[in-house]
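The values are calculated or read from the model by the stated rules, or taken from the named source; none is laboratory data. Keep in mind the model is a prediction, meaning the values are calculated, not measured. Cβ sites come from the backbone with ideal geometry, for glycine too, and all protein chains shown count toward neighbours.
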Amino acid sequence: MSESRPVTRGKRPTFTDQEALQFHQQGRPGKLEVVATKPMATQRDLSLAYSPGVAVPVLAIADDPALAYDYTAKGNLVAVISNGTAILGLGNRGALASKPVMEGKAVLFKRFADIDSFDLEVETEDAEAFINCVRYLGPTFGGINLEDIKAPECFIIEERLRELMDIPVFHDDQHGTAIISAAGIINALHLTGRDISEARLVVNGAGAAGIACIELVKALGFRSENVILCDTKGVVFQGRTEGMNQWKSAHAVATDKRTLSEALEGADIVFGLSVKGAFTPEMIASMAPQPIIFAMANPNPEITPEEVAQVRDDAIVATGRSDYPNQVNNVLGFPYIFRGALDVHATTINMEMKIAAAQALAALAREDVPDEVAAAYQGTRPRFGREYIIPVPFDPRLIFTIPPAVAKAAMETGVARKPIDNMDRYRAQLSARRDPVAGTLNRVFERVRKYPKRVVFAEGEEEVVIRAAISFVNQGLGTAILVGREDRVMANAEAAGIDLAGRDNIEIHNAAKSDRNSVYAQFLYARMQRKGYLFRDCQRLINQDRNHFAASMVALGDADAMVTGTTRNYSIALEDVRRVIDHKPGHRVIGVSLCLARGRVVLVADTAIHEMPSAEELAGIAIEAAGVARRLGYEPRVAMLSFSTFGFPKAERAEKVQEAVRILDGMRVDFEYDGEMAADVALNKDLLAQYPFSRLKQPANVLVMPAFHSAAISTKMLQELGGAQVLGPLIVGLDKAVQIVPLGATDSDIVNMAALAAYNIGG
């Protein structure tokens with residue numbers, strides 16, 4: 001019922017208050033920044049952006065207000081607005097205290113639907129004052145998302161703003177929850193063979209979400225007499241006067257039932273939008289065969305699936321939590337609903353649009369999931385059934401499934417000011433909006449959460465590594481093994497305000513206490529005895545060097561993966577690891593950097609190993625890098641780079657690249673590739689089009705550099721000057737999962753690398 005909140009499997013995440021505060025404070029405080037979309041490098045740029053050039057769109061908009069969607073950000077801008085009177089489960093904490101939550105909501109808009117959004121906190125509890133504040137800001141935005149406003153004021157505010165404004169106004173606490181739960185109900189009814197007109201529903205919780213759920217399910221086809229609303233005082237029945245208001249009264253029914261327990265006897269479905277423990281096992285046992293239970297209180301549901309299983313083996317259960325199947329997660333709704341509404345310049349979000357969103361979500365869950373979703377489940381492909389009635393938040397199809405349905409409903413009901421004439425083209429545009437950066441990493445994280453791994457953090461005494469290990473565990477990614485002296489690890493953790501005592505899935509290992517020392521030393525000696533190493537040399541490396549100790553743990557199966565590099569030069573760390581771990585047979589060890597810039601993902605290789613690769617080595621690098629692209633969910637398009645393009649100007653180094661292409665020709669690889677070509681040709685569609693004979697029909701997403709130095713220089717320049725995020729180099733081709741972070745890596749960098757190691761991105 002809420003947006004995605006990380007939950008460790010089976011329990012709440014563990015973190016200290018200081019850790020939570022540091023997350024929001026680190027770097028730039030908060031979670032948002034403004035990025036310019038137009039260049040500001042020359043005097044001409046300045047003249048166009050502001051004075052005098054800005055006068056031209058001003059006059060155009062004054063003549064035709066609709067042109068604001070063409071000349072400003074209005075058409076892709078949503079305000080997230082709250083007065084802080086109902087913040088999450090924390091109650092009325094004031095407008096300012098709601099800002100972290102509203103910033104988070106804005107981030108979700110951007111991540112999932114590429115909608116620009118920022119938050120507005122309105123310091124008043126007076127409904128009329130709030131309404132006037134928002135209505136007069138209307139020209140700024142393409143839509144208004146109301147959030148965390150207590151009932152009944154939320155009903156009044158939304159209703160009045162919908163009347164006064166000509167842009168979509170949407171209180172997500174009401175309608176978001178209603179839409180996702182409605183999608184789940186459509187599928188649950190289908191699975192249990194029920195007729196929507198005959199099904200009996202009980203809704204416990206008469207707040208904003210409860211009322212919205214009832215209104216939507218009735219619009220879907222539930223009969224009013226079959227829907228019973230309950231609040232803290234029991235059943236909302238016709239004739240009741242205590243604790244009533246106009247919104248409850250609209251759903252009062254003629255019934256002799258007075259308590260929740262009585263209402264649930266023989267009921268087919270129950271919606272919980274109340275508090276932990278509201279449903280007892282006895283209540284659930286009294287429901288009809290194949291009961292449908294949506295326990296959506298957060299963070300703890302009205303009853304857990306485990307408790308339901310003790311009394312019913314025929315139930316379908318959904319909750320608001322990510323660690324149980326069938327999560328009712330609002331992030332499945334609001335970004336995509338607004339996306340569709342904005343794209344047709346809708347004047348409102350009406351009931352038909354909400355129904356369309358619910359039906360589209362339900363239909364999506366019934367389809368076979370793509371490989372990207374299957375990958376998130378470690379190859380276990382979710383299939384429509386009792387534990388999969390609602391799509392997962394990171395399903396890449398949501399962006400091109402929900403918005404078209406919403407847009408179509410808007411057009412059919414006459415609230416669209418800019419109808420879409422080609423839905424296929426629109427879907428393609430929506431697909432291109434997906435943020436591949438977060439999508440890539442989230443796919444990796446979800447897969448690792450499905451099958452958590454034991455990951456060794458070799459530099460376990462470092463504060464930044466300890467923080468990374470805690471984050472790794474808190475995100476449900478597996479067990480973190482810190483290599484270091486226990487007293488030093490604990491002392492550094494305490495100094496940083498980190499409580500390691502009693503932490504689950506955190507282990508501290510060191511050579512002094514390990515009973516595997518002799519095994520590791522013997523293993524290393526067997527590898528190095530003909531390379532100038534005596535046994536005592538190998539014993540010393542195991543006893544004194546954390547990289548050798550950690551790599552031996554992975555090599556001998558005592559851990560699944562390893563991450564290191566925080567305190568040592570990359571090349572030195574790699575040299576240590578390679579004394580212990582060989583390359584994978586039939587593969588070539590290379591470094592691949594993942595460059596993430598303005599929604600584009602480009603892999604660059606080789607950024608770690610081959611200084612001046614031969615033509616054969618370049619061909620091998622291309623194959624390994626293409627494999628990484630596939631493991632990340634991308635269809636590889638490989639460009640073999642040089643300073644020249646297709647033979648001009650001639651140079652010895654360019655000829656090696658040409659030869660590498662001919663080698664790939666002979667190997668008949670199963671991915672697109674071409675070269676040699678300059679980087680701008682490889683990445684720019686218009687420039688690439690000047691070479692119609694090229695085998696790359698779209699810009700490349702894998703760049704194979706002609707030499708190590710060019711690869712290293714270009715990626716570091718891109719990071720420092722271009723504002724790109726660069727992950728890596730990722731080590732590819734080793735026989736075991738090892739990743740190395742650069743010196744000075746942040747805790748987030750280390751967590752990302754640890755997750756990629758656990759994911760076995762290196763193949």
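Among the conditions (1) over 30 Å from GLY207 (Cα atoms); (2) part of a loop (DSSP other than H, G, I, E, B), GLY94 misses just one, which is (1). Considering only residues in the stretch 744-763 that are in contact with a strand residue (DSSP E or B) (Cβ under 9 Å, 6 or more places away or on another chain) and not in a helix (DSSP H, G or I), the one that is surrounded by the most Cβ atoms within 10 Å (Cβ to Cβ) turns out to be GLY762.
If you take the residues in the stretch 128-166 that are of a type in the set (Gly, Ala, Ser) and not in a helix (DSSP H, G or I), which one is modelled with the lowest pLDDT? It would help to see each step written out before you state the result.
As a first pass, look at the stretch 128-166 and keep what is of a type in the set (Gly, Ala, Ser): 129, 138, 142-143, 151.
Keeping just the survivors that are not in a helix (DSSP H, G or I) gives 142-143, 151.
Working: GLY142: 97, GLY143: 97, ALA151: 87.
Restricting to residues being of a type in the set (Gly, Ala, Ser) and not in a helix (DSSP H, G or I), the top hit is ALA151.
Can you confirm whether ARG135 is of a type in the set (Lys, Arg), crowded, with 16+ Cβ neighbours inside 10 Å and closer than 26 Å to VAL344 by Cβ? The answer is no for ARG135.
Residues in the stretch 28-63 that are surrounded by 10 or more Cβ atoms within 10 Å (Cβ to Cβ) and outside any helix (DSSP H, G or I): GLY30, LYS31, LEU32, PRO39, MET40, TYR50, GLY53, VAL54. Exactly one residue out of GLU494, GLU486 is of a type outside the set (A, V, I, L, M, F, W, C), touching a Leu at 6+ places or on another chain (Cβ under 9 Å), over 26 Å from LEU574 (Cβ atoms) and assigned by TED's automatic domain parsing to the domain that holds ASN474, and it is GLU494.
Tell me, yes or no, whether the stretch 105-127 has at least one residue that is in a helix (DSSP H, G or I), modelled with pLDDT of 95 or more and more than 23 Å from ASN298 (Cβ to Cβ). Within the stretch 105-127, one or more residues are in a helix (DSSP H, G or I), modelled with pLDDT of 95 or more and more than 23 Å from ASN298 (Cβ to Cβ).
Conditions tested, residue by residue: (1) outside the structural domain of MET490 (by TED's automatic domain parsing); (2) surrounded by 16 or more Cβ atoms within 10 Å (Cβ to Cβ); (3) hydrophobic (A, V, I, L, M, F, W, C); (4) more than 41 Å from the chain's Cα centre (by Cα).
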residue	(1), (2), (3), (4)
ILE506	no, yes, yes, no
SER514	no, yes, no, no
VAL519	no, no, yes, yes
GLN522	no, no, no, yes
GLN529	no, no, no, yes
TYR533	no, yes, no, yes
ASN543	no, yes, no, no
MET553	no, yes, yes, no
ASP558	no, yes, no, no
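For the stretch 485-508, taking the residues that are of a type in the set (Val, Ile, Thr) and outside any helix (DSSP H, G or I), the one that is farthest from VAL455 (Cα to Cα) is identified as ILE498.
Among the conditions (1) crowded, with 22+ Cβ neighbours inside 10 Å; (2) more than 30 Å from THR715 (Cβ to Cβ); (3) without any contact (Cβ under 8 Å) to a residue 40 or more places away in the chain, the only one that HIS548 does not satisfy is (2). The C-beta contact set for the stretch 749-763 (first residue within 15 Å of ALA469 (Cβ to Cβ) and not assigned by TED's automatic domain parsing to the domain that holds ASN474, second residue aromatic (Phe, Trp, Tyr) and surrounded by fewer than 24 Cβ atoms within 10 Å (Cβ to Cβ), distance under 6 angstrom, 6+ apart or interchain) comprises ALA755/PHE445.
Among all positions in the stretch 70-84, there is no residue which is buried (at least 17 other Cβ atoms within 10 Å of the Cβ), more than 28 Å from the chain's Cα centre (by Cα), in the same structural domain as CYS154 (by TED's automatic domain parsing) and modelled with pLDDT of 95 or more.
List the helices (runs of 4 or more DSSP H) that sit entirely inside the stretch 301-393 and contain at least 2 residues that are modelled with pLDDT of 95 or more. Please lay out each step first, then the result.
Values: elements: 305-311, 334-343, 351-366, 371-376.
Here the list reads 305-311, 334-343, 351-366.
Within the stretch 712-735, is even one residue assigned to a loop (DSSP other than H, G, I, E, B), touching a Gly at 6+ places or on another chain (Cβ under 7 Å) and under 30 Å from TYR451 (Cα atoms)? There is at least one residue in the stretch 712-735 that is assigned to a loop (DSSP other than H, G, I, E, B), touching a Gly at 6+ places or on another chain (Cβ under 7 Å) and under 30 Å from TYR451 (Cα atoms). Screening THR567 on (1) closer than 13 Å to ALA458 by Cβ; (2) modelled with pLDDT of 95 or more; (3) surrounded by fewer than 21 Cβ atoms within 10 Å (Cβ to Cβ) shows it passes everything except condition (2). Among the numbered conditions (1) under 40 Å from the mean Cα position of the chain (by Cα); (2) at negative phi; (3) surrounded by fewer than 14 Cβ atoms within 10 Å (Cβ to Cβ), the only one that LEU641 does not meet is (3).
Once the stretch 198-221 is narrowed to residues that are surrounded by fewer than 22 Cβ atoms within 10 Å (Cβ to Cβ) and at pLDDT 95 or above, the residue that is farthest from the chain's Cα centre (by Cα) is GLU198. The residue of the stretch 1-27 that is surrounded by the most Cβ atoms within 10 Å (Cβ to Cβ), among those that are at pLDDT below 75 and among the β-branched types (Val, Ile, Thr), is VAL7. The set of residues from the stretch 662-686 being free of Cβ contacts under 8 Å to residues at least 40 places away in the same chain, out of contact with any Ser or Thr (no Cβ under 9 Å at 6 or more places or on another chain) and surrounded by 13 or more Cβ atoms within 10 Å (Cβ to Cβ) comprises GLU672, ASN684.
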